[in-house]
Amino acid sequence: MSRLPRVPHTHSDGSLEDMQPAEPVTLVIFGASGDLTQRLLLPGVATLLEVEPFRQVDLIGVDREDMGQEWAELVRSRFEAEEVPAETTERVVAAARFEQVDLLEGTQLADFVAGLPESAVLYFALPPAVTQAAIERLRGVELPKGTRLALEKPFGDGVESAEELNRLLLSLVPENQIYRVDHFLGAAMLLNFIGMRFSNRILEKVWNAEDIEKVEITYDEDLALEGRAGYYDKAGALKDMLQSHLLQVLAIVAMEPPARVDADELRDLKAHVLNSTYLWGDDPAASSRRARYTAGTLGEREIPDYTAEEGVDPARNTETLAQLTLEVRTDRWSGVPWVLRSGKGLGEKAKEVRIFFRDVRHLPVGLEGEQGPDVLVVALKPGPVELHLTMNATDPTRIETKVLETTVGDPAMLPYGEVLGGILDGNPLLTVRGDTAVQSWRIIEQVMEVWSAGEVPMEEYPAGSAGPEGWGVDAVALTGGR
Ligand SMILES: O=C1O[C@H](COP(=O)(O)O)[C@@H](O)[C@H](O)[C@H]1O
């Protein structure tokens, strides 16, 4: 497997930083016993250190319950599962320590933070309400110099709360020490896509409304709730996937050409896209659809009706599948529908960006058969980026559809490892800036309102099926746009 390089910072004079081995960093994980830590964070750290063993990371696990030696054992087991060489594993395990702290009790958090070294990363792997309450307790606490804060989604639950959370965070540390984590920005996804698009004149010249008819960004999962009701039943597909990950993907696909690959440049360009993104026809009801899975079979597994899943409160009326049609109102994109869709419990995984090109203006007389659209498909998944380009060819005058396929890159790290690598280096490139988090809520907020008011029906689909009938861009009422 090839090694994914650390992404250098660009100095203000345009020069790139020297890529020296990283400084030792203390990474504090609040929520050490939690699902996120076990399933995603520690495996991410493990793959980061497997690829970049020169890093020195002191892992401090923090939890309300005493984990004692269990923390070091948990770290060891996750490193072993990722096949990190024993020497690196032993070094990290030897440096790992656990602290029992109740973040919301008295001055425990303040006392703990005061004893940390400079530039420690405080990673809040906690439910949003606990993260918010803990951060409020840091108000007025003198944080060691350079302390960095890493937060999981959801970042707030609407424009107002996201703005409020931004203000709170900025009262503690500057924006470049705040990392809003979105693992879809793992370098392989972000950088390979940007590399492909901007290093090929053949693509960049047709990347606009003149040549592109529609774009679909889909993340259909064959997983169901998988015991995550505590979080998911309050979020639902719209907030869990579209507000965060898929809008970030849209921002990357639609962005203007960057002059350089660095955090400020790319984050400015993503902000430009999201500031220009609106619901199709400014109609929250017509531009959105929602559905929920009923009992069905996923592979070998019998899946109950979503409302009968453990921990689900049917009164919340949570959707497990959401679709939005958006318009990016810029000179490049006006008039092109962007359909974002994500759901759980679906029979087939479809995790991709699908870009449909317009038909040629004139098909030479004498060619026979149906001309299909050229479609570029970029897979959205960890591992090498897969590209498929569907094109028309003829044999000799009969039109046939052909698919060109290739893969790009071979990242050795899990997306969480890539994002964490940036955070440990103090490079915010692969995280979300405060203003774009707010814009992402602005884009969906009216949809949340009409859904709460019951103006959009909750459709149903059996788990394991392809979803409700008639979804997709062709089913969207595309009269309008702006
Ligand atoms: O953040 C989340 O992402 C996952 C999908 O990402 P993957 O990399 O695990 O495929 C999604 O299942 C989960 O509900 C969501 O919270």
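Any read-out appearing in this document is the output of simple, stated calculations on the displayed coordinates, not a laboratory observation. Since the model is a prediction, treat every value here as computed from it, not as a measurement. Note: ideal-geometry Cβ built from the backbone for every residue, glycine included; neighbour counts use all protein chains shown.
So the values come out like this:
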{"item": "Loop-exposed GluC sites (Glu not before Pro) per DSSP, neighbour cap 16 Cβ within 10 angstrom, longest uninterrupted part of the chain", "result": "371-454"}
{"item": "Neighbour-limited loop hits for chymotrypsin sites (Phe, Trp or Tyr not before Pro), region 345-428 (at most 16 other Cβ within 10 Å; DSSP other than H, G, I, E, B)", "result": "none"}
{"item": "Region 173-276: trypsin sites (Lys or Arg not before Pro) in DSSP loop, at most 15 other beta carbons within 10 Å", "result": "205, 260"}
{"item": "Cβ-based exposure ranking for 458, 255, in which fewest neighbours within 10 Å come first", "result": "458, 255"}
{"item": "Paired Rg and Dmax values of the chain, which use every Cα atom, in angstrom", "result": "23.3, 81"}
{"item": "Base-10 log of normalised Debye intensity for region 405-476 (one unit scatterer per alpha-carbon) at q = 0.14, 0.20, 0.29 Å⁻¹", "result": "-0.90, -0.96, -1.25"}
{"item": "Table column - 3J(HN,Hα) (Hz), region 75-85, Karplus curve with 6.51, -1.76, 1.60, x for Gly and Pro", "result": "4, 4, 5, 6, 5, 5, 4, 8, 6, 6, x"}
{"item": "Eligible lysines near residue 205 by straight Cα distance, threshold 18 Å, same-chain separation 8 or greater", "result": "214"}
{"item": "Residues whose placed amide H lies under 5 Å from that of residue 277, excluding near-sequence neighbours", "result": "329"}
{"item": "Folded to 0 to 90 degrees: helix 415-425 orientation relative to the chain principal axis, Cα", "result": "50 degrees"}
{"item": "Residue 342 long-range amide H proximity, modeled H, under 5 Å", "result": "219, 322"}
{"item": "Dipole magnitude of the chain about its Cα centre (Cβ charges: Lys, Arg +1; Asp, Glu -1), debye to nearest 20", "result": "860 debye"}
{"item": "Listed residues 60, 432, 365: farthest to the positive end of the dipole of the chain (Cβ charges)", "result": "365"}
